[in-house]
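Structure record follows, encoded as structure tokens.
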Amino acid sequence: MLNPWLGFAYDAAWLALESQWVIAARMMRLAGGGRLARSEAHRMVSEKALAFMEAQMTTAGALAGGGKAPAAAKRGLRSYRKRVRSNRRRLLRSRRG
């Protein structure tokens with residue numbers, strides 16, 4: 001039988017890769033300065049708190065509903081990945097446009 005934490009580890013590795021891309025894109029935007037950099041900095045900070053609360057509530061809800069720890073952790077991680085993918089798409093779109 002496979003270890004139930006392997007799926008979580010796989011998703012966490014993808015989150016790390018996607019996060020690095022978003023961090024690099026945001027650093028380039030911040031280095032540019034101006035109004036766009038200021039709005040990105042504000043967005044970055046506010047999103048962190050919201051993402052943390054959402055992941056915590058999702059994970060707690062899964063555990064409260066009787067879910068096992070690996071599945072609950074994976075659901076919490078999924079909420080982070082959703083936000084990171086959204087930022088990646090937004091930052092990529094703004095570079096092209």
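The values are calculated or read from the model by the stated rules, or taken from the named source; none is laboratory data. Because the structure is predicted, anything quoted here is derived from the model rather than measured. Positions of Cβ are backbone-derived with ideal geometry, glycine not excepted, and every protein chain shown enters the neighbour counts.
Whether a residue is surrounded by 13 or more Cβ atoms within 10 Å (Cβ to Cβ), in a helix (DSSP H, G or I), in contact with a Ser or Thr (Cβ under 6 Å, 6 or more places away or on another chain) and of a type outside the set (S, T, N, Q) was assessed, and Arg26 does not pass this test.
Among residues of segment 26-37 that are in contact (Cβ under 8 Å) with a residue 60 or more places away in the chain, those with a beta-carbon under 8 Å from a residue that is among the aliphatic types (A, V, I, L, M) and surrounded by 13 or more Cβ atoms within 10 Å (Cβ to Cβ) at least six positions away or on a different chain give the pairs Arg26/Met44; Arg26/Leu91; Arg29/Ala37; Arg29/Leu91.
Listed here are the residues, each with its yes/no results for (1) in contact with a Lys or Arg (Cβ under 9 Å, 6 or more places away or on another chain); (2) surrounded by 11 or more Cβ atoms within 10 Å (Cβ to Cβ); (3) closer than 30 Å to Asn3 by Cα.
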{"site": "Leu15", "(1), (2), (3)": "yes, yes, yes"}
{"site": "Ser46", "(1), (2), (3)": "no, no, no"}
{"site": "Ala60", "(1), (2), (3)": "no, yes, yes"}
{"site": "Leu63", "(1), (2), (3)": "no, yes, yes"}
{"site": "Ala72", "(1), (2), (3)": "no, yes, yes"}
{"site": "Gly76", "(1), (2), (3)": "no, yes, yes"}
{"site": "Arg93", "(1), (2), (3)": "no, no, no"}
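Please work out if Ala31 is at pLDDT 95 or above, within 16 Å of Arg88 (Cα to Cα) and exposed (fewer than 13 other Cβ atoms within 10 Å of the Cβ). The answer is no for Ala31. Residue count for segment 47-93 under the criterion of being free of Cβ contacts under 8 Å to residues at least 12 places away in the same chain and under 19 Å from Trp21 (Cα atoms): the result is 6.
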